[in-house]
Amino acid sequence: PVAPTEAAIALSILFLAREALVHDSASVAYRYPVVISAIFGLLHGLGFAAALGEVGLPDREIPWALLFFNVGVEAGQLTFILVVATMFALARRILASGRIATWLDLHGRVAAGYLIGIPAAFWLWQRI
């Protein structure tokens, strides 16, 4: 069913945001990263399968759709990481001598956690 799957996906993103905020070495995600990533992959795969089912894609087209979807996701992730890493490297060089760099080091993880967590919480609330 689509609604519970979408709620579980939102909950998984909210869980990830919490992990970024807390960053505890005793957490489940830190101790069992393979299990957590497998569960997340299954949930997100179910969401994609539900979306394919709603579109009405013919059965013979599903393998190609899955292949190119995965290639697109990986390319998008690599591009995003490259852009963000470049931006952080430039920001560190520009701000290396100031107090702003220290502030970013201390609060960047918190800001990222909230930027991920707030939309995920809203999405979860909508789905519930």
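The values are calculated or read from the model by the stated rules, or taken from the named source; none is laboratory data. Please read all numbers here as calculations on a predicted model, not as lab measurements. For neighbour counting, all protein chains shown are included, and Cβ atoms are generated from backbone atoms with ideal geometry for every residue, glycine included. Heads up: the accessible areas ignore ligands, DNA and RNA and are worked out on the full protein's heavy atoms, side chains in. Shrake-Rupley method; radii C 1.70, N 1.55, O 1.52, S 1.80 Å.
Hey, got the dipole for the chain? About the Cα centre, +1 on K and R Cβ, -1 on D and E Cβ, debye to the nearest 20? Don't skip to the end; give the middle numbers.
Values: 8 positive and 8 negative charges, 112 e Å.
Dipole size: approximately 540 debye.
Here the peptides 109-118, 2-11, 23-32 are ranked by packing, the mean other Cβ count within 10 Å, and the order with the highest first is 2-11, 109-118, 23-32.
With the Cα gyration tensor of region 11-50 giving a ≥ b ≥ c as the square roots of its eigenvalues, does the rule (a/c under 1.5 for rounded; else a/b larger than b/c for prolate; else oblate) give rounded, prolate or oblate? Working shown, then result.
On the way: a/c = 4.79, a/b = 1.85, b/c = 2.59.
Note, shape of region 11-50 comes out oblate.
Projecting the Cα positions of 115, 12, 128 onto the charge dipole of the chain (unit charges on Cβ atoms of Lys, Arg, Asp and Glu, taken about the Cα centre) puts 115 furthest along the positive direction.
Taking all protein chains into account, the per residue accessible area for the chain stands at 75 Å² (1.4 Å probe). Look at the Cα gyration tensor of the chain: its axes a ≥ b ≥ c give a/c of at least 1.5 with a/b over b/c, and that counts as prolate.
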